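The values are calculated or read from the model by the stated rules, or taken from the named source; none is laboratory data. Being a predicted model, the structure only gives us computed values, none of them experimental. With ideal geometry, Cβ positions are generated from the backbone for all residues, glycine too; neighbour counts draw on all protein chains shown. Heavy atoms of the whole protein, side chains included, go into the accessibility calculation; ligands, DNA and RNA do not. Shrake-Rupley method; radii C 1.70, N 1.55, O 1.52, S 1.80 Å.
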Amino acid sequence: MVDLFADRVLVKNNKDQDELDTEREIVTRLQNRILMLFFASAESDTCQRFAPTLHDFFKQLTDEFYVERSAQLVLLYVSLDQSEEQLENFLKELPKKSLFLAYEDPYRRELETMFDVREVPTVVVLRPDCSILIPNAVEEITRLGPDCYRNWHEAAELIDRNFLTKEDFEDKSMRSFTDPVRRLKYKVEDEKKKKKEEEKKKKKQRRGWGVGGDEGEEAGADDRDGGGSMW
């Protein structure tokens, strides 16, 4: 992914429009993540209608209000606008955590040709190695919403596979055939963790009873049973 934007400048869609212009910054932001290249134009009515859907899709996967942990997902707007003013206006419809290429950057058009973009809106989904996961995910995002990210995450074979939404804890409805496996995995891990904590507590208690540990406990039990009683 990083190679695709080597020696390029990516801009954050925030108030100050901070630039990611060093290799380290770009690596930190893009490495081991799924990248969505959003090709669109403000003058397209279809793009205007799709923008809120994409905004909500990305927000529900990356905003801590919705998820315990942000998805390994990056959204980059590749403007096909006819003016910088159009680009600036359209950015207002996109998430603050998204990135974009400056209007004066000719790489916008190179990417359009590279990924054979023939219509707008187009969302090209890329694996971390820059291979194409989905040529155009607009229909899938519209139809499935955030649920489709699970399929992307598995197909992209990301290193970190611990993504969970809050709904996994609150809503037990199954979303895919892999859900039972996920739930069993986390249930087993929780049980192991609890078992270890209980063992630690017992060891601490035994140390508090003095030298002898388990032997001292057994001796006390014998006394209670009458083995050492004067009666």
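Numbers below:
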read-out: Residues of segment 98-119 satisfying the condition of being of a type in the set (Asp, Glu) and either in contact with an Asp or Glu (Cβ under 9 Å, 6 or more places away or on another chain) or in contact (Cβ under 8 Å) with a residue 24 or more places away in the chain (or both); value: Glu104, Asp105, Glu112
read-out: Scan of segment 57-76 for residues that are closer than 19 Å to Leu35 by Cβ and either among the aromatic types (Phe, Trp, Tyr) or touching a helix residue (DSSP H, G or I) at 6+ places or on another chain (Cβ under 8 Å) (or both), ordered by number; value: Phe57, Phe58, Gln60, Leu61, Val67, Ser70, Ala71, Gln72, Leu73, Val74, Leu75
read-out: Output for segment 59-69, where each listed residue is without any contact (Cβ under 8 Å) to a residue 40 or more places away in the chain, assigned to a loop (DSSP other than H, G, I, E, B) and open to solvent by 60 Å² or more (accessible area, probe 1.4 Å); value: Glu64, Phe65
read-out: Single residue of Asp3, Asp7 found to be open to solvent by 10 Å² or more (accessible area, probe 1.4 Å) and free of Cβ contacts under 8 Å to residues at least 40 places away in the same chain; value: Asp7
read-out: Tyr77, sole failed condition from (1) of a type in the set (Ser, Thr, Tyr); (2) open to solvent by 70 Å² or more (accessible area, probe 1.4 Å); (3) not in a helix (DSSP H, G or I); value: (2)
read-out: Of all residues making up segment 28-53, the number that are aromatic (Phe, Trp, Tyr) and in a helix (DSSP H, G or I); value: 1
read-out: Selected residue [within 18 Å of the chain's Cα centre (by Cα), within 13 Å of Leu54 (Cα to Cα) and in contact (Cβ under 8 Å) with a residue 60 or more places away in the chain] from Pro128, Pro95; value: Pro95
read-out: Exclusive hit being under 28 Å from Asp147 (Cβ atoms) and either more than 14 Å from the chain's Cα centre (by Cα) or part of a strand (DSSP E or B) (or both), set Asp7, Asp56, Asp16; value: Asp56
read-out: Pick from segment 98-125, criterion more than 19 Å from the chain's Cα centre (by Cα) and among the aliphatic types (A, V, I, L, M), ranking: farthest from Arg49 (Cα to Cα); value: Met114
read-out: Which numbered condition Glu25 misses (of (1) more than 13 Å from the chain's Cα centre (by Cα); (2) under 24 Å from Tyr149 (Cα atoms); (3) in the same structural domain as Glu157 (by the TED database); (4) outside any strand (DSSP E or B)); value: (2)
